[in-house]
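The values are calculated or read from the model by the stated rules, or taken from the named source; none is laboratory data. It should be emphasised that the depicted structure is a prediction, and the values quoted were computed from it without experimental measurement. FYI the Cβ positions are ideal-geometry reconstructions off the backbone, even for glycines, and counts take in every protein chain you see.
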Amino acid sequence: MELRAAATTDTGRVRTGNEDAFLIDARLGVYAVADGMGGHRAGEVASATALEALRAAVAGGARIDDAVERANAAVVDKAGRDPELRGMGTTITVLCTAGGDQLIGQVGDSRAYLLRAEELARLTEDHSLVEELVRDGRITPEQAQVHPQRSIITRALGIDDDVEVDLYRVRLRTGDRLLLCSDGLTSMVREPEIGRVLRREGDPRLAAEALVAAANEAGGEDNVTAVVVDVLDGAGDDDPDAPASEPVRATPTPVPAPEVEAPPAKERRGRRAGRALGRATRIFLVALPILLVFAIAIGAVGWYARKSYYVAFDGARVTVFQGRPGGVLGWGPTIAERSDVERATLTPQEALEVQNQPTFGSEAEALAYVRRLRARVNDRIAPPPAPPPAPPSVTTAAPATTVRPG
Ligand code: MN
């Protein structure tokens, strides 16, 4: 079987480092992409370590799923020995043609695609939160594409001693083109466009470069890697009816439960399911501190934006608003209480004061201000206190008195 492969990886337009890595070893017949994660340079170490160990395992005769398991062990081991690397992990998507087999191994949310007869087909399933949500029918694929948590993966190398590797058998034919890529491509460029680029660019290197360029033009929010493998002489030509690919072992990961259930309910589950859920939860937990930081930041802005009150005109009426004039980062003010004090009844000095939107630390203080304003208005429109009531025998016109309490 004769293949021709080329790859490009790029930092993208937003990140400062590139944690993606790829492997092309034509002699061994191994082609892979890995997308590392972890603080500082840990993600880079994770993806590079995984691909190195993968290559060594295949060179030693290991089947691809065993090789991916050894890659996992290498990342786990390295993370355990260096506190700076703790918590690092990586995805892996690998095509292996060693030993006459054509297998794809998959962990995480990097992907393999097959372009055959101008048609692009996705071969792998993501191990990601949004893919689980799509599978459960809770969101659409369109929503998944822009979901704020689309980068949370539910399986990765380096997290646990055990890793479940999805395995697919492919039957490559002459003229087929395979694409292995990181989510930096698929989160920025839609599949129809990926297909167009793969059909347009004949040379695998130009195709890989054009895909990376497309991701960058779309914003380049993540590291992006594309490995393009052309089949010059396929082995699957003899059986044209055989499916292009079929899963050998692909186990959907359960969605991490949004709320923790009571332990007794969980204990009755199968050991395997429990372990898979445990792993998924642990990977989810890796992402949790980051989510928490965001949640706290959003909460803090919201608290700051909403904790104060101010007084301003709403139309002609003096009104108490909760929030800050103009709002803060999308947290707009809302009306807390409308008063019956009209602008027309205020002195120019008072109107100017309200126009300046005085701010208060609590709703009670803001309301007290409005009460003082109303009292001054009432003082002005009320006539001086009425004289003591005249004796009943004397008839006088009833004075137009505004009765004020106290
Ligand atoms: Mn990525």
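Residues that are surrounded by fewer than 23 Cβ atoms within 10 Å (Cβ to Cβ) and either basic (Lys, Arg) or at negative phi (or both) within segment 213-228 comprise 213, 214, 216, 217, 218, 221, listed in sequence order.
For segment 28-61, a residue qualifies if it is part of a loop (DSSP other than H, G, I, E, B), on the phi < 0 side of the Ramachandran plot and modelled with pLDDT of 95 or more, and the qualifying residues are 28, 60. Assess whether residue 87 counts as being among the small types (Gly, Ala, Ser), at pLDDT 95 or above and surrounded by 15 or more Cβ atoms within 10 Å (Cβ to Cβ). It is false that residue 87 is among the small types (Gly, Ala, Ser), at pLDDT 95 or above and surrounded by 15 or more Cβ atoms within 10 Å (Cβ to Cβ).
Among the residues that make up segment 115-138, is at least one of them closer than 24 Å to residue 11 by Cβ, touching a residue at least 60 places away in the same chain (Cβ under 8 Å), within 15 Å of the ligand (Cβ to nearest atom) and of a type in the set (Ser, Thr, Tyr)? No, the conditions are met nowhere in segment 115-138. Could we say that residue 69 is touching a residue at least 24 places away in the same chain (Cβ under 8 Å) and more than 16 Å from the ligand (Cβ to nearest atom) here? In short, yes. Within segment 88-104, the residues that satisfy the criterion of being in a loop (DSSP other than H, G, I, E, B) and within 16 Å of the ligand (Cβ to nearest atom) are 88, 91.
The residue that is nearest to the chain's Cα centre (by Cα), counting only those in segment 153-163 that are assigned to a loop (DSSP other than H, G, I, E, B) and buried (at least 20 other Cβ atoms within 10 Å of the Cβ), is 154.
Selection within segment 152-193: residues that are within 15 Å of the ligand (Cβ to nearest atom) and farther than 24 Å from residue 53 by Cβ. The member of this set that is modelled with the lowest pLDDT is 152.
Screening segment 165-175 for residues that are surrounded by fewer than 21 Cβ atoms within 10 Å (Cβ to Cβ) and closer than 18 Å to residue 124 by Cα and picking the one that is nearest to the chain's Cα centre (by Cα) gives 167. Looking only at segment 9-31, filter to residues that are within 15 Å of the ligand (Cβ to nearest atom) and buried (at least 18 other Cβ atoms within 10 Å of the Cβ); which one of those is farthest from residue 97 (Cα to Cα)? The extreme case among them is 12. In the set (1) on the phi > 0 side of the Ramachandran plot; (2) without any contact (Cβ under 8 Å) to a residue 60 or more places away in the chain, the condition left unmet by residue 86 is number (1).
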